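Take a look at the structure set out below.
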Amino acid sequence: MRRDRDTAGRPRNARPRDALGRPLARGQEPGADPERIPDDLALTGTEAVRLADQLMRAGRPFHAHEVLEASWKSGPARERDLWQGLAQIAVGYTHAGRGNARGAAALLRRGAQRVRAYLDHDPVDGDGPYGIDLAGVLAATDDLAARIERDGLAEVPPADLRLRLTRG
């Protein structure tokens, strides 16, 4: 079978994906499948946070990860750990939604560790760059990882897999 490739010849999976980023079967109509995040997405930090927040709240953490990953790869070097940590947290939520408890907990912990360093910049109210509610993100992420490790994913209601990146 021939592999999908982009215009530069790099391998890409052009099939539509479900809300958790899993490719749909070839020929299957995407239905309510959200549009894919373009590989060359370029947003300001504020725009990236706003879009990733909307996606996380809508239960689309895989797509939020793609937005955050784009910012991690294109953003200033001093922010790379922040974006990478947020992307890892989004992947942790993706794994939780797919039923992978071990992968979810590991990525949630790893991402939180990276993001935690940015909390020190504003320890009073926990707001981070671009309006990110760092204290809220870390509290929710730490709580979810602990619950997954203690009780398993079966005990986590789907509503708890929708993270808020901002207070609004």
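Go through the stretch 119-157 and give me each residue that's closer than 23 Å to H95 by Cβ, touching a helix residue (DSSP H, G or I) at 6+ places or on another chain (Cβ under 8 Å) and either at pLDDT below 90 or not aliphatic (A, V, I, L, M) (or both).
Filtering the stretch 119-157 down to residues closer than 23 Å to H95 by Cβ leaves 132-134, 136-157.
Filter again for touching a helix residue (DSSP H, G or I) at 6+ places or on another chain (Cβ under 8 Å), leaving 132, 134, 137-138, 141-142, 144-145, 147-149, 152-153, 155-156.
Scanning the stretch 119-157 gives T141, D142, R147, E149, G152, E155.
Checked against (1) of a type outside the set (S, T, N, Q); (2) farther than 25 Å from G168 by Cβ; (3) touching a helix residue (DSSP H, G or I) at 6+ places or on another chain (Cβ under 6 Å); (4) at pLDDT below 85, A101 meets all criteria but (4).
Can you name the residue in the stretch 50-76 that is out of contact with any helix residue (DSSP H, G or I) (no Cβ under 6 Å at 6 or more places or on another chain) and not in a helix (DSSP H, G or I) and, of all such residues, is farthest from L138 (Cα to Cα)?
Filtering the stretch 50-76 down to residues out of contact with any helix residue (DSSP H, G or I) (no Cβ under 6 Å at 6 or more places or on another chain) leaves 50, 53-54, 57-60, 66, 70, 73-74, 76.
If we keep only those that are not in a helix (DSSP H, G or I) too, we end up with 58-60, 76.
Values: A58: 19, G59: 18, R60: 19, P76: 22 Å.
Restricting to residues being out of contact with any helix residue (DSSP H, G or I) (no Cβ under 6 Å at 6 or more places or on another chain) and not in a helix (DSSP H, G or I), the top hit is P76.
The values are calculated or read from the model by the stated rules, or taken from the named source; none is laboratory data. Computed from a predicted structure; not experimentally measured. Cβ atoms come from the backbone with ideal geometry, glycine included; neighbour counts cover every protein chain shown.
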